[in-house]
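Written below as structure tokens is the structure these notes are about.
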Amino acid sequence: MFGVGVWADDPAGSASALPAGLSETERQTLQKETNPKDHLDACLKIGTSRLATAVEAVKQERYETAAQALRVYTGLLDYTHGYTRQTAKEKVRQHMLRKLETTLRQQLPVLEWMVNGMPECHEGCARQALNRARSIRRESLNAYFGGEFLRAGDPPTE
């Protein structure tokens with residue numbers, strides 16, 4: 001998968017640490033952002049773009065295209081979450097966790113819509129993206145506020 005040690009030595013991550021499925025332009029964008037906050041912003045921007053691509057594909061009933069965009073989105077969520085958790089400076093990490101949580105809170109309704117809008121054969125990708133977004137949002141809130149601010153069984157807040 002990707003090595004945790006890479007982030008500590010290389011703040012922008014390395015090509016091998018980046019999620020699969022990114023375009024060369026997306027890879028270059030992420031590799032050039034060496035400041036942790038800017039790297040996070042680039043990750044969130046690319047993730048939002050991939051989510052928008054998936055939404056448009058669902059509206060046009062191009063479900064395979066939507067599923068592929070969601071797979072990349074999910075991989076990028078995992079990468080972004082791991083990168084954020086590995087950021088050394090506490091104050092910067094807290095800011096990044098808050099920004100990640102806020103972005104995911106805004107994206108959850110879209111992901112829920114996609115789960116309901118895709119046919120059963122492609123619904124798994126949307127459900128996986130939704131579950132990862134919920135889980136990462138919960139973990140980000142817990143890391144930001146400490147302890148179990150939001151437990152796994154708690155209903156999501158909007």
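Could you list, in sequence order, all residues of the stretch 51-67 that are open to solvent by 40 Å² or more (accessible area, probe 1.4 Å) and either free of Cβ contacts under 8 Å to residues at least 40 places away in the same chain or charged (D, E, K, R) (or both)?
Residues satisfying the conditions are Ala52, Thr53, Glu56, Lys59, Gln60, Glu61, Arg62, Glu64, Thr65.
I need the full set of residues from the stretch 118-134 which are within 11 Å of Ala66 (Cα to Cα) and either open to solvent by less than 10 Å² (accessible area, probe 1.4 Å) or free of Cβ contacts under 8 Å to residues at least 24 places away in the same chain (or both), in order please.
The answer is Glu123, Ala126.
Are there any pairs with C-beta distances below 9 angstrom linking a residue in the stretch 89-117 that is closer than 18 Å to Ser49 by Cα to a residue that is outside any helix (DSSP H, G or I), with the two at least 6 apart or on different chains, and if so which?
Matching pairs, first to second residue: Arg105/Pro156; Arg105/Thr157; Arg105/Glu158; Leu108/Pro156; Leu108/Glu158; Pro109/Glu158.
The values are calculated or read from the model by the stated rules, or taken from the named source; none is laboratory data. Keep in mind that what you see is a predicted model, and the values were worked out from it rather than measured. Cβ: placed from backbone, ideal geometry, glycine included. Neighbour counts: every protein chain shown. Calculation scope for accessible area: heavy atoms of the full protein, side chains included, ligands and nucleic acids excluded. Shrake-Rupley method; radii C 1.70, N 1.55, O 1.52, S 1.80 Å.
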